[in-house]
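The values are calculated or read from the model by the stated rules, or taken from the named source; none is laboratory data. It should be emphasised that the depicted structure is a prediction, and the values quoted were computed from it without experimental measurement. In this analysis, Cβ positions are derived from the backbone assuming ideal geometry, glycine residues included, and neighbour counts consider all displayed protein chains.
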Amino acid sequence: MTLPLLEVIDIKKYFPVGKESGSAAAGLVKAVDGINFSVYKGETLGLVGESGCGKSTAGRVILRLIEPTAGQIKFNGVNIEKLNFKQLLPYRRKMQIVFQDPYGSLNPRMNIGETLGEPLKVHGLVKNKAEMEKKVSYLLELVGLSPSHRKRYPHEFSGGQRQRIVMARALTLEPELIVCDEPVSALDVSIQAQIINLLKDLQKELGLTYVFIAHDLSVVKHISDRVAVMYLGKIVEISEKNELYDHPLHPYTQALLSAIPIPNPEVKKERVILTGDVPSPINPPSGCRFRTRCPKAMERCAVEEPVVKKIGAEHLVACHLLD
């Protein structure tokens, strides 16, 4: 098997809470607590789960926008977690991110031409103004916008257009990997479909690799090759897309999938209703973290944390029910 483009090995990210100047932290928010996965060149890995499960934190840690507490991040076989700022610069070009809020991630004081031209100048990828304008025009056309838009400012665009601009900015440095952090959740449903189709077209044309973070499983199904399900800082299930949607094995995955609406009202589907709230990541439950809401929890779940087991060729699950 070929080497993964991205390999995440036992990554953890803990945030101290209740810390005052000169004092020790009162506790730790275990936002990401030992996750493992690989992403191969040209594929899309969907990372799904409820709000607050650690998806966005994981995405930022992968790119070292925030530093991991522990673990390894390998890009093309190189452990970038150990690199200093200067050593990391060449890898910054190869890994980019598309944020959830397209307006908040654009500088309102810069027009679109300046926004797209800045990374080109910083990395020395253009020799003069004419070359930069040509590249900016190409990027705008690539995401379905007109080159004449480069003189406009972010507030002059719709939400869908702003997200296209953010995607164009992510493409300026010709990256290999793009982390898409809830890129369509703030958009209307009709616009969501356009952006998803654009992402797929760009992937096919440019050979891109995506980590697609979302909480909407119906959106993830349309773009992902494989799907990883997160709950309270842990990955509980990873599988090829169709296998996961047709045969979910973890009770949490089953509950998430049962909540997806079916367009045909005549088709009846059993709903799995989860009780209680998501526990605090400061003091997660012992054993299996999902046990406090799981309808199938056993005594063993309270005392023993389930390990990830391989079920079939590509299906990984962390659940005692499968022992």
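Residues in region 234-242: is at least one touching a Gly at 6+ places or on another chain (Cβ under 8 Å) and either closer than 24 Å to Ala58 by Cα or of a type outside the set (A, V, I, L, M) (or both)?
Yes, the conditions are met somewhere in region 234-242.
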>> Given the criteria over 26 Å from Leu45 (Cα atoms) and touching a Leu at 6+ places or on another chain (Cβ under 7 Å), does Lys269 qualify?
In response: no
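For every residue, the table says whether it meets (1) aromatic (Phe, Trp, Tyr); (2) surrounded by fewer than 20 Cβ atoms within 10 Å (Cβ to Cβ); (3) at pLDDT below 95; (4) assigned to a loop (DSSP other than H, G, I, E, B).
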position	(1), (2), (3), (4)
Val229	no, no, no, no
Val236	no, no, no, no
Gln254	no, yes, yes, no
Pro263	no, yes, yes, yes
Val267	no, yes, yes, yes
Arg271	no, yes, yes, yes
Asp277	no, yes, yes, yes
Pro281	no, no, yes, yes
> Filtering region 1-17 down to residues that are touching a strand residue (DSSP E or B) at 6+ places or on another chain (Cβ under 6 Å) and in a loop (DSSP other than H, G, I, E, B), which residue is modelled with the highest pLDDT?
Replying inline: Leu5
>> Filter region 177-201 down to the residues that are in a helix (DSSP H, G or I), of a type outside the set (A, V, I, L, M, F, W, C), surrounded by fewer than 18 Cβ atoms within 10 Å (Cβ to Cβ) and in contact (Cβ under 8 Å) with a residue 12 or more places away in the chain and list them by number.
In response: Gln194, Lys200
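Picking from Lys129, Lys151, Lys121, which residue would you name as being exposed (fewer than 15 other Cβ atoms within 10 Å of the Cβ) and closer than 19 Å to Pro175 by Cα?
Of Lys129, Lys151, Lys121, the one residue that is exposed (fewer than 15 other Cβ atoms within 10 Å of the Cβ) and closer than 19 Å to Pro175 by Cα is Lys121.
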>> Return the residues of region 298-323 that are of a type in the set (D, E, K, R), touching a strand residue (DSSP E or B) at 6+ places or on another chain (Cβ under 8 Å) and outside any loop (DSSP other than H, G, I, E, B); say none if nothing qualifies.
In response: Lys309, Lys310
>> Looking at (1) out of contact with any strand residue (DSSP E or B) (no Cβ under 7 Å at 6 or more places or on another chain); (2) at negative phi, which one does Val48 not meet, given that it meets all the others?
In response: (1)
> Within the set of pairs 6+ apart or on separate chains, which have a first residue in region 215-243 that is at negative phi, a second that is hydroxyl-bearing (Ser, Thr, Tyr) and assigned to a strand (DSSP E or B), and C-beta atoms under 7 Å apart?
Replying inline: Ile223/Thr44; Ser224/Thr44; Asp225/Thr44; Arg226/Ser239; Val227/Ser239
